[in-house]
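Participant: This is the structure I want to talk about, given as structure tokens.
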């Protein structure tokens, strides 16, 4: 369930481009107007706006946003306005080029591979090649140590069947295989990687349920019992992103807010990438998991146009379109 | 270099559909006319013909071809007329469902993964999901034994960078890694699979050249020295399909013709799948490798409309379009 609110009928891309152009001109930028337009358009509409704006004014909308704005608001609204495949390719590249590549960085790749549809994942791989002159997989091999490398390579290379096709027999037999791997502490076993990177998401959810049914604990708990290394942590993210991405993204928002200061990059990523997918569900899970309101917590940690923009994507922005 | 010959200007899909329809009607089918039309159209034009024919006559062109024709000619012309991604998905499925899955069957997967462009490979994976209700990778895991499984999974999951980007340093270092794997007889080492399934084809050709330069023998010879098992055989196909697909397909044609009887399935596959890509080169390599004419050998092993059709795809069919 998306949190994004789009007006009905939606204005033409030409009208939207004119509003944006006007917001850029004059003394200072009219940030409120940028939020009112861009914060209420879905990815197809934003694509049309980018193209129309370019045609009308012979400049890139993204470049203009970059030169007009600054700080977290700029980062968030550019992340939102970009082509989603290019956006994710860039997020993946930032993760892989980070000096420290912990779970916080590498989970971005898991999100792209496990919490989006197979055609989007392929589009990200295409965009990665175009933007960075090599395959996403080459950069994973070059920069991620084993055994995480093998797991991530399998996941980002997947092209899963995207309809519901569940076999209870497969669920049981593969839950058993996963249990054996956990028992023998061989979480990087080829069979585990194959199960997680070739099966469709519905089958995998059934397999996870079967694991719980057979062994009396959740798969997350099973993995935790195995150890506290990076592989265990990353596998837990995989299980969440496959099993209930809304819980994972609720946690990303929570982690970005907790402690001193805010991790705006993670907060932006969670809200921008999920506003058109399942951010309403993530809000619900957030309340469930943390006995706190996601909206209130975001409001408490942000301010000004940045706050208004995030709240708009959360479906709670300033009134009017 | 394609062998296919297309008339200039090309007739409209409506005109072509009308000619095909007429060829189906009356006493007996006019096979010559089917060859003249379909055997001289590229994949984009055949797609338009399929769509236009369906619209005009409310029947599938493929179904009509199936009901009008028979034998090897039918198989060849249907293989040619189908959507290339669906065709390859079906070929992959036949290979995976074969009772005996030797190199002859599994090399079909290597051809699709290593001798076509990355977008075609993705389209094949999409078509496989649509046609067979599961991912291509799931069927590989279910039906191919180790260590071939791991190699094939890596290759079919690849999305290679498709422009020329070569590093001599990478070529040397990865040639050395391959040499180590050959020396220790660990050809299914993860590093080898990663090299072969993540690097772009231009880089891999440089790496193969580097291997020859460093160790004085070709990589094929190195692999052969390692043993005569299935993995060695399949890896040799991989090296050929990456290094010089035209040689590989010349060999497929040769193998299909040699000995008693003809292996029409392999002959059809080689000619149909490469007529728009590199069949002229394959003909040249065939002459080079076997001191014999590919055209003459195909003519010697086939007859009638079947022969005329294959020769048309080879650019040597009956005169006229």
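Participant: Note the angle between two axes, namely the Cα long axis of helix A:230-243 and the longest principal axis of the Cα atoms of chain A, as a number of degrees from 0 to 90, rounded to the nearest 10.
Facilitator: Taking the Cα atoms of chain A, the angle to A:230-243 is about 70 degrees.
Participant: Take the Cα of residue B:289, step 7 Å along the line toward its Cβ, and report every residue of region B:85-127 whose backbone nitrogen sits under 18 Å from that point.
Facilitator: Counting only backbone N, you get B:103-116.
Participant: Need one value for A:115-127: mean number of C-beta atoms belonging to other chains within 10 Å of its residues' C-beta atoms.
Facilitator: Shielding by partners across A:115-127 averages 2.
Participant: I'd like the distance separating the alpha-carbon centroids of region B:40-92 and region A:57-96, in whole Å.
Facilitator: When both Cα centres are located, 44 Å separates them.
Participant: Another one. How high is the FRET efficiency between residue A:83 and residue B:258 when r is their beta carbon distance and R₀ equals 45 Å, given to the nearest 0.05?
Facilitator: Values: r = 52 Å, r/R0 = 1.15.
It comes to 0.30.
Participant: Going by C-beta contacts inside 10 Å, put A:72, B:296, B:301 in order with the fewest on the left.
Facilitator: B:296, B:301, A:72
Participant: Right, another one. Quick one: grab the alpha carbon gyration tensor of chain B, order the square roots of its eigenvalues as a ≥ b ≥ c, and give me rounded if a/c is under 1.5, else prolate or oblate depending on whether a/b is larger than b/c.
Facilitator: Prolate, because a/c is 1.5 or more and a/b exceeds b/c.
Participant: Once you have a ≥ b ≥ c as the square roots of the Cα gyration tensor eigenvalues for region A:101-170, tell me rounded if a/c is under 1.5, and otherwise prolate or oblate according to whether a/b is larger than b/c.
Facilitator: Judged from the Cα gyration tensor, region A:101-170 comes out oblate (a/c at least 1.5, b/c at or above a/b).
Participant: So, one more: So for chain B, averaging the separation of alpha carbon pairs under 8 Å that are six or more residues apart and normalising by length, what relative contact order in percent results?
Facilitator: 22 percent
Participant: State whether region B:167-267 is rounded, prolate or oblate according to the following rule on the C-alpha gyration tensor (a ≥ b ≥ c being the square roots of its eigenvalues): a/c under 1.5 gives rounded; otherwise a/b larger than b/c gives prolate, and the remaining case gives oblate. Walk me through the numbers on the way to the answer.
Facilitator: Details: a/c = 2.29, a/b = 1.78, b/c = 1.29.
Prolate is the answer for region B:167-267, as a/c is 1.5 or above and a/b outweighs b/c.
Participant: Shortest first and in nm to one decimal, what separations exist between residue A:70 and its copies in the other chains, measuring from label points 7 Å along the Cα-to-beta-carbon line?
Facilitator: Distances between equivalent label points, in nm: 8.2.
Participant: Okay, next question. Compute the angle between helix B:13-24 and the longest alpha-carbon principal axis of chain B, please, reported from 0 to 90 degrees and rounded to the nearest 10.
Facilitator: The angle comes out at about 70 degrees.
Participant: Compute the label-point distances linking residue B:284 to its equivalents in the other copies; points lie 7 Å from Cα along Cα→Cβ; give nm, one decimal, shortest first.
Facilitator: List, nearest first: 6.3 nm.
Participant: Helix A:201-215 sits at what angle to the longest principal axis of chain A, using alpha carbons and giving 0 to 90 degrees rounded to 10?
Facilitator: 40 degrees
Participant: Return B:108, B:124, B:164 ranked ascending by Cβ neighbour count within 10 Å, so the fewest neighbours appear first.
Facilitator: B:164, B:108, B:124
Participant: For the residue pair residue A:180 and residue A:221, what label-to-label distance in nm results when each label sits 7 Å from Cα along the Cα-to-beta-carbon direction?
Facilitator: 2.4 nm
Participant: Quick one: in chain A, whose Cβ comes closest to the A/B rotation axis, and how close in angstrom?
Facilitator: Reported as residue, whole Å: A:157, 2.
Participant: Under the rule of -39500 (n - 2.57) per DSSP H run of 4 or more residues, summed and divided by the residues of chain A, what mean residue ellipticity at 222 nm is obtained, to the nearest 500 deg cm²/dmol?
Facilitator: -21500 deg cm²/dmol
Participant: If you don't mind, another one. Starting from the 7 Å offset along Cα-to-Cβ, what nm value, one decimal, do you get for the label separation of residue B:12 and residue A:2?
Facilitator: With each label point 7 Å from Cα toward Cβ, the separation is 3.9 nm.
Participant: For the pair residue A:212 and residue A:165, how long in nm is the line joining their label points, each one 7 Å along Cα→Cβ?
Facilitator: So the label points at residue A:212 and residue A:165 sit 2.6 nm apart.
Participant: Can you sort B:239, A:122 from fewest to most other Cβ atoms within 10 Å of each residue's own Cβ?
Facilitator: Fewest-to-most Cβ neighbours within 10 Å comes out as A:122, B:239.
Participant: Assume the label is 7 Å from Cα along Cα to beta carbon: what separations in nm does residue B:227 have to the matching positions in the other copies?
Facilitator: 2.9
Rule-based calculations on the coordinates, nothing more; no lab input. As the structure is a prediction and not an experimental result, all values here were calculated from the model. Virtual Cβ from ideal backbone geometry, glycine too; neighbours counted across all protein chains shown.
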